[in-house]
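Notes follow once the structure below has been shown.
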Amino acid sequence: MKPSKVIRIAWKGLAKNKLRSLLTMLGVIIGVAAVIIMIAISAGAEATIEEQITSLGSNLVFVQTSFSRGGFGPGGGGLSSSQGLTYEDAYAIVDQVAGVKGMVVEQNSAESVKAGNVTVDDVAVLGTTVDFPSVRDMDIAEGRYITQIDVDRGQEVAVLGASLAEELFGDQPAVGQVVSIGNVKHTVVGVFAEKGQVGDTQYDSRIYIPITVVFEKFTDNFMARVMGDRVRMIYVELEEDAPLDDVILQIEFLLAKRHQVSLEEPDFTITTQQDIIQTQEATTAAFRSLLAWVAAVSLVVGGIGIMNIMLVSVTERTREIGIRQAVGASPADIRWQFLTEALLLSLVGGLLGVLSGVGGSLIFNQFGSMRTVVVPTSIALAFSSAAAVGIFFGFYPANKAAQLDPIEALRHE
């Protein structure tokens, strides 16, 4: 028979039991939709992580304290021989390493901020350095940012995030006003332009002050006071054409010399944005594969459902098969008819699953708590998998129908 005729006969066979056909396709619909949605969630998480890392700034290297030398890490019993990074290390990197454009060191605190009669509790106070706006790609909307003189002298000046400035002063100019951070008065010298939230960090609700002021005024715990200007991480911004590997090697030699440690057992670690992105991609890729395999189980269940219904259909239409054989239909014609029915069930189910998966991903992205990114290859993968399921699980019932004895089939009631 012509393929068009086979498809027409198969479609009529499915249309006789519309509800049963729809319920049979349900497993395939759920499986395809699950594959698309789960991969979309994983891709969304990966894109969010990459944006968070790149939002820290461009062309960055992260120098971080490591307590592997008998320090606070696993198996450590006390401070390492070097005790980690210092505030002075950051300036040494800028002054002595070729290819470095700037650096940022941060120290966090949380205090109540008061301006006039307005008090905002638990405001994130970020002590930082002069290169912060360029490294973190932030613009000043009013006034100026912290200068090197402010940092060196520990001047009690502050730059406000956009939403914090509005909360404290409304429509009034904030520059020149005095705010109390805890019990310490600071003069507002600038306001950042709105940046919004990136990951878990809300940049607009923070207040930015010289890092030396945080060391002096807002370091509460005893160990931090003893350690003085120890820092956890230094953000190093490289020049555009700087050779990354050479700059990292220079930083390693410099810090090893300053800390009197060997490069085989350093008390610091150096990573790049690409290193972090690749690590996160490897994690999310494994997670995505796991989700895809879990969703594939639904497709297998849907395929079993197709096989079950097709076997029932063969039994119910045994007499019809005998009549078709009697009027000249070959076993191949019978096989193709039932295989086409199974394939139509899986393809239509796959199409509905694609629509449900894409629609569900968009709805989840709009109203859910996690970002989703629809991956075009996941649509092709899910749809082709649905077709493969239809062929695989439909072949046995179709072959069984083709092997029926015509005389026995005609006698069947």
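Taking R0 as 35 Å, what FRET efficiency do you get between Asp171 and Gln197 from their Cβ-Cβ distance, rounded to the nearest 0.05? About 0.95, to the nearest 0.05. Compared with the alpha-carbon gap, the fully stretched path from Asn399 to Glu252 is longer by 46.0 nm at 0.36 nm per residue.
Region 118-187 and region 354-413 have Cα centres separated by 58 Å.
Taking 7 Å steps out from each Cα toward its Cβ at Ser289 and Ile391 produces label points 2.5 nm apart. For Lys12, the lysines whose Cα falls under 17 Å of its own Cα, not counting residues fewer than eight places away in the same chain, are Lys2. Sorting Val373, Val100 on solvent-accessible area from highest to lowest, probe radius 1.4 Å, gives Val373, Val100.
Cross-link partners for Lys101 among the lysines, with Cα-Cα distance under 30 Å and sequence neighbours closer than 8 places in the same chain left out: Lys195, Lys217, Lys257.
Distant-in-sequence amide contacts of Val373, defined by a placed amide H-H separation under 5 Å and a gap of 5 or more residues or a different chain, comprise Ile41, Ala43, Gly44.
Only aspartates and glutamates eight or more places from Lys400 in sequence, or on another chain, were considered; those with a Cα closer than 19 Å are Glu316, Glu320, Asp333, Glu341, Glu408, Glu413. Summing +1 for each Lys or Arg and -1 for each Asp or Glu, what net charge is found among the other residues whose Cβ lies under 13 Å from the Cβ of Ala141? Its environment carries a net charge of -3. If R0 equals 35 Å, the separation of the Cβ atoms of Lys12 and Ala47 corresponds to a calculated FRET efficiency of about 0.15.
The values are calculated or read from the model by the stated rules, or taken from the named source; none is laboratory data. Everything numeric here is computed off the predicted structure, so don't read it as measured data. Backbone-built Cβ (ideal geometry, glycine too); neighbour counts: all protein chains shown. The area values use the complete protein model at the heavy-atom level, side chains included, leaving out ligands, DNA and RNA. Shrake-Rupley method; radii C 1.70, N 1.55, O 1.52, S 1.80 Å.
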